[in-house]
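The values are calculated or read from the model by the stated rules, or taken from the named source; none is laboratory data. Given the structure is predicted, the values throughout are model-derived calculations rather than measurements. A quick note on method: Cβ atoms are made from the backbone with ideal geometry, for glycine too, and the neighbour counts reach across all protein chains shown. The area values use the complete protein model at the heavy-atom level, side chains included, leaving out ligands, DNA and RNA. Shrake-Rupley method; radii C 1.70, N 1.55, O 1.52, S 1.80 Å.
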Amino acid sequence: MIDFLDLKQVNIQYKIELKDAFKRVLNSGWYIHGKEVTIFEESFAAFCGTKFCVGVGNGLDALRLIFRAYIEIGIISAGDEVIVPANTYIASILAISENRLIPVLVEPDINTYNIDPEKIEEKITSKTKAILLVHLYGQNAYNKKIQEIADEYKLKIIEDAAQAHGAYYKNKRVGSLGNASGFSFYPVKNLGALGDGGAITTDDEELAKTIRALANYGSHKKYKNEHKGINSRLDEIQAAILSVKLKHLDEDNQKRRRIAQYYIENIKHPDIIMPISNFQFQISNSLDHVWHQFVIRTKRRDQLRKYLQENGIQTIIHYPIPPHKQQAYKEWNNFSFPITEKLSKEVLSLPINSILEKSEIHRIVTSINKFE
Ligand SMILES: *Cc1c(COP(=O)(O)O)cnc(C)c1O
């Protein structure tokens with residue numbers, strides 16, 4: 001059986017370094033908000049190319065704390081609207097609605113699966129304050145058109161970078177393209193902890209400070225609470241693990257690009273649509289991709305999935321039910337987003353990760369090409 005993702009094997013690659021990290025944290029006697037978090041925050045900010053990084057408990061917290069901080073600072077208020085792609089993972093949307101802001105769904109581009117820049121402007125009203133730009137499946141979603149819209153309508157660009165650690169737009173990394181970005185270090189992400197974790201990156205000092213306070217019961221200084229905050233912390237142990245794995249991230253992403261290239265060049269099936277082929281890492285590539293997921297598309301998706309399962313190849317659907325069709329957002333169930341709905345019926349994610357072997361990749365390709 002080729003597992004979709006064997007996390008144990010992924011992490012075992014770094015066993016010696018991880019054991020050192022465990023030992024260091026155990027022996028320090030300091031498990032929350034210490035040296036390891038500071039070191040990781042500094043190296044992740046440097047990696048992304050931002051002035052600040054704030055570690056938090058998970059990716060959803062990272063996103064919701066960005067909105068919450070803009071509310072505390074007075075830049076966004078309850079009832080304001082935030083543009084977000086309709087085909088994103090539901091966490092992006094939860095981060096908006098939880099802050100009593102209105103998510104305004106926009107269809108993706110059928111070729112990139114990222115938000116269609118041409119469909120943003122028609123959704124902008126006097127209440128629109130931000131675009132939550134999701135780099136879906138690991139592909140950069142930022143571009144000149146989006147920046148021009150943001151400039152014209154004075155919108156904040158907030159990146160949901162939970163799937164795209166390390167991806168570039170020209171010579172800048174995802175996480176440094178907008179006004180603030182939320183990352184998740186959930187174990188399956190390209191940069192994954194051994195538990196929950198998240199971070200915000202930004203160049204905005206006031207925002208970073210406000211987020212830091214909000215994540216710490218609303219307190220900048222012990223026992224002085226300026227905001228009605230929450231508790232959302234990146235643990236020392238997770239920060240130490242992330243510092244180890246960050247050193248290997250570019251190399252891991254490069255392995256993913258090579259697998260993507262192999263799939264794109266070798267899967268040939270009349271019923272299957274491949275993702276656009278930007279597997280070449282080039283600084284000029286504005287659609288750089290770190291292949292968090294390798295997503296193919298076919299009208300015969302369920303049949304193909306069953307066939308691959310029978311042939312010992314595990315696949316996953318990202319995502320089978322779009323947010324506007326969820327019970328949680330029943331007020332949107334009658335909305336129509338034809339591209340989003342079509343994608344949810346046709347997408348299928350193939351295994352892609354740094355430990356897949358050549359023989360396994362070969363077997364996946366051969367099996368798909370033989371699908372009748
Ligand atoms: C994983 C993910 C999140 C949420 O991250 P958690 O750490 O699981 O809370 C948010 N947005 C996107 C696009 C994600 O893939």
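Side notes on the structure shown:
- Sequence-ordered 3J(HN,Hα) estimates for segment 162-174 from the Karplus curve with 6.51, -1.76 and 1.60 and θ = phi - 60° stand at 4, 10, 9, 3, x, 5, 10, 10, 6, 9, 10, 8, 3 Hz, glycine and proline given as x.
- Taking amide hydrogens as placed 1.01 Å from N in the peptide plane, the amide H of I313 sits under 5 Å from those of I2, each at least 5 positions away in sequence or on another chain.
- 1.4 Å probe accessible area per residue over segment 4-161, in Å²: 43 Å²
- Pair-distance profile P(r), taking every C-alpha pair of the chain, with 10 angstrom steps and integer %: 5, 24, 32, 25, 11, 2, 0
- Dimensions of segment 281-351 along the principal axes, based on C-alpha atoms and rounded to the nearest Å, stand at 42, 40, 20, largest first.
- Mean Cβ neighbour count within 10 Å, used as a protection proxy, ranking 60-69, 251-260 highest first: 60-69, 251-260
- Under 17 Å from the Cα of K330 - aspartates and glutamates, other chains or at least 8 residues apart: E98, E341
- At a probe radius of 1.4 angstrom, the accessible area of segment 215-372 per residue rounds to 51 square angstrom.
- Beta bridges per DSSP, both residues in segment 1-136: antiparallel share near 10 percent.
- Computed Rg/Rh of segment 253-371, alpha carbon atoms with Kirkwood Rh: 1.01
- Of all accessible heavy-atom area on the chain, the percent that carbon and sulfur account for (1.4 Å): 51 percent
- Of the residues Y14, L136, A215, the one whose Cα sits farthest towards the positive end of the charge dipole of the chain is Y14 (charges of +1 on Lys and Arg Cβ, -1 on Asp and Glu Cβ, taken about the Cα centre).
- Prolate/oblate/rounded label for segment 1-142 (Cα gyration tensor, a/c 1.5): oblate
- With the gyration tensor restricted to C-alpha atoms of segment 196-282, the semi-axes of the equivalent ellipsoid amount to 42, 16, 12 Å, longest first.
- Projected label points at I39 and K221, each 7 Å from Cα along the beta carbon direction, are separated by 3.1 nanometres.
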